[in-house]
């Protein structure tokens, strides 16, 4: 059975911290699921980042997920691949990464989830919870009630797939979001730029363990 962690860390590049430095910070804080999300960078640059991220994940015993690029996921033997709504179809990506690599797919609506399940996704990244520049092409903003309604639709339809809440989530949001029935949450800047990353990651993990 494929393991889907409940806390997903999504990397980002900024003027303050590089992709690899951000991943190092997250690993030091205790994150074990690292998604390399390198937008607006060239293929070779992303491949170099992926190799470096894979080495770090091996040291820390963490799982590496590559965003958008199945060929890179295959080259670095990543644990998983995450595809956005405008990325390559999941069945085509599966022919590149093989049967054992986890594939997650972004969704914004219940209809998207149905399509992702039909495509063979292993988990859903559902959002955004609130507006975030990393998910600016997704609408509508779901908020707490959006998650409740979509998770209810899934239960009534018998859809059983792990759902990860995404998009602008802060530590203080985690308890309420988990209570909607999602499997876990994805966070980025809220971990990268936190002053007490380790304490925050530990607190999130504890909140998830009681839901």
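What the table shows:
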| read-out | value |
| --- | --- |
| Failed item, numbered, when residue 61 is tested on (1) over 30 Å from residue 110 (Cα atoms); (2) buried (at least 17 other Cβ atoms within 10 Å of the Cβ) | (2) |
| Scope the stretch 94-107; condition crowded, with 19+ Cβ neighbours inside 10 Å, more than 11 Å from residue 122 (Cβ to Cβ) and touching a residue at least 24 places away in the same chain (Cβ under 8 Å); matching residues | 97, 106 |
| Residues that are buried (at least 19 other Cβ atoms within 10 Å of the Cβ) and not in a strand (DSSP E or B), drawn from the stretch 184-196 | 188, 190, 191, 192 |
| Residue list for the stretch 75-93, filter: buried (at least 18 other Cβ atoms within 10 Å of the Cβ) and outside any loop (DSSP other than H, G, I, E, B) | 80, 81, 82, 83, 90, 93 |
| Any hit, the stretch 156-165, residues being at positive phi and loosely packed, with under 14 Cβ neighbours inside 10 Å | yes |
| Qualifying positions in the stretch 1-25 - out of contact with any helix residue (DSSP H, G or I) (no Cβ under 9 Å at 6 or more places or on another chain) and buried (at least 18 other Cβ atoms within 10 Å of the Cβ) | 4, 5, 8 |
| Condition broken by residue 69, with the remaining ones in (1) farther than 30 Å from residue 152 by Cβ; (2) in contact with a strand residue (DSSP E or B) (Cβ under 7 Å, 6 or more places away or on another chain) satisfied | (2) |
| Qualifying residue in the stretch 98-111 (condition: modelled with pLDDT of 95 or more, assigned to a helix (DSSP H, G or I) and within 22 Å of residue 169 (Cα to Cα)) | yes |
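The values are calculated or read from the model by the stated rules, or taken from the named source; none is laboratory data. Computed from a prediction, not measured in an experiment: that's the story for all the values here. Methodologically, a virtual Cβ is constructed for each residue, glycine included, from the backbone with ideal geometry; neighbour enumeration extends over all protein chains shown.
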